[in-house]
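The values are calculated or read from the model by the stated rules, or taken from the named source; none is laboratory data. In this text, all values refer to a predicted model and were calculated from it rather than measured experimentally. Here the Cβ positions follow ideal geometry from the backbone for every residue, glycine too, while neighbour counts run over all protein chains shown. All accessible areas refer to the heavy atoms of the entire protein, side chains included, with ligands and DNA or RNA removed. Shrake-Rupley method; radii C 1.70, N 1.55, O 1.52, S 1.80 Å.
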Amino acid sequence: MTHSLPPNVHLSTHPCLQAKLSQLRASTANARETKALVHEISLIIGCEATAAGLSTKKGPTAKTPLGYEYTTQVLSPSSISLIPILRSGLGMLDAIQTLLPNPVPVHHLGLFREPVTLQPVEYYNNLPYHVPDHGTPSNSPNTSASEIAFLLDPVIATGGTCSAAIQTLREWGVKKVIVVAVLGAVSGVVKAASEWEEGVEIWIAGIDENLNDRGMIAPGLGDVGDRLFLTIGK
């Protein structure tokens, strides 16, 4: 199916990823299988996102086991953070941490959709804020903010939650947000991509056309958080 998507949205065509996404859609996948599939899909789409969003630069010299000296390669930019949206984003975290060569800060955003209006409600935010010195101009950048934030949001349905998270990260002071997602609805993905067009790139494994009357993707893959944490029907 061909989708009309903004240029800052990147839909993967990796065959292994597409096969795993098909497996994840199945209602017969239990919590352990769901966790494994979300992890494996996140690894693949995370490889694509990091390859496009990061680069390398020369680092310090080191020696091989045979004693030869070489110049190391390190990531650029060096200031990176991972932002999983609670709860379901936690299922993607280990995969992205595995890809990165060094540990980076992990900051959590807690957002849920109000059931009637479907509008996002923030209930948790542990982004660090630097307290400026006395006399510092109010418009000075927040020195605690990372240059790049990887926003981990498995499902982009209406796009409200993802858009709110992007806006929060922009206000925090990041220079770029890279969204890594498993599945989205066309309208929701377009909404999130337009929240900060010049500062956002979305990498996603699959896109469906429709939302149902509860704002869930159809056919979709259900509530990933409920499937991961066995809280279906709560």
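Here are some notes:
- Some residue of the stretch 110-117 being at pLDDT 90 or above and open to solvent by less than 70 Å² (accessible area, probe 1.4 Å): yes
- Count - residues of the stretch 210-234 that are touching a strand residue (DSSP E or B) at 6+ places or on another chain (Cβ under 7 Å) and among the charged types (D, E, K, R): 0
- Output for the stretch 131-150, where each listed residue is modelled with pLDDT under 95 and either open to solvent by less than 30 Å² (accessible area, probe 1.4 Å) or in contact with a Gly (Cβ under 7 Å, 6 or more places away or on another chain) (or both): P141, N142, A145, S146
- Residue, surrounded by the fewest Cβ atoms within 10 Å (Cβ to Cβ), within the stretch 86-106, restricted to residues that are touching a Gly at 6+ places or on another chain (Cβ under 6 Å) and either closer than 18 Å to A205 by Cα or modelled with pLDDT of 95 or more (or both): L99
- Near pairs, Cβ below 9 angstrom, 6+ apart or cross-chain, from the stretch 215-234 (closer than 16 Å to F112 by Cα) to any residue that is open to solvent by 50 Å² or more (accessible area, probe 1.4 Å) and small (G, A, S): G222/S27; D226/G233
- Residue match in the stretch 54-69 (condition: touching a residue at least 40 places away in the same chain (Cβ under 8 Å) and open to solvent by less than 60 Å² (accessible area, probe 1.4 Å)): yes
- Residue count for the stretch 151-180, restricted to those that are open to solvent by less than 30 Å² (accessible area, probe 1.4 Å) and under 15 Å from G53 (Cα atoms): 7.
- For the stretch 166-184, the condition holds for no residue, the condition being that it is touching a residue at least 24 places away in the same chain (Cβ under 8 Å), small (G, A, S) and in contact with a Lys or Arg (Cβ under 7 Å, 6 or more places away or on another chain).
- Counting the residues of the stretch 1-36 that are of a type outside the set (V, I, T) and part of a loop (DSSP other than H, G, I, E, B) gives 13.
- Taking the conditions (1) at negative phi; (2) open to solvent by 50 Å² or more (accessible area, probe 1.4 Å); (3) not charged (D, E, K, R) in turn, I217 satisfies each one other than (2).
- Test: residue in the stretch 25-36 that is in contact with a helix residue (DSSP H, G or I) (Cβ under 7 Å, 6 or more places away or on another chain) and within 17 Å of W203 (Cβ to Cβ): no
- Boolean, V155 is closer than 14 Å to H10 by Cα and touching a Leu at 6+ places or on another chain (Cβ under 9 Å): no
- The stretch 35-48 - residue that is of a type outside the set (G, A, S) and more than 15 Å from the chain's Cα centre (by Cα) and, of those, most open to solvent (accessible area, probe 1.4 Å): K35
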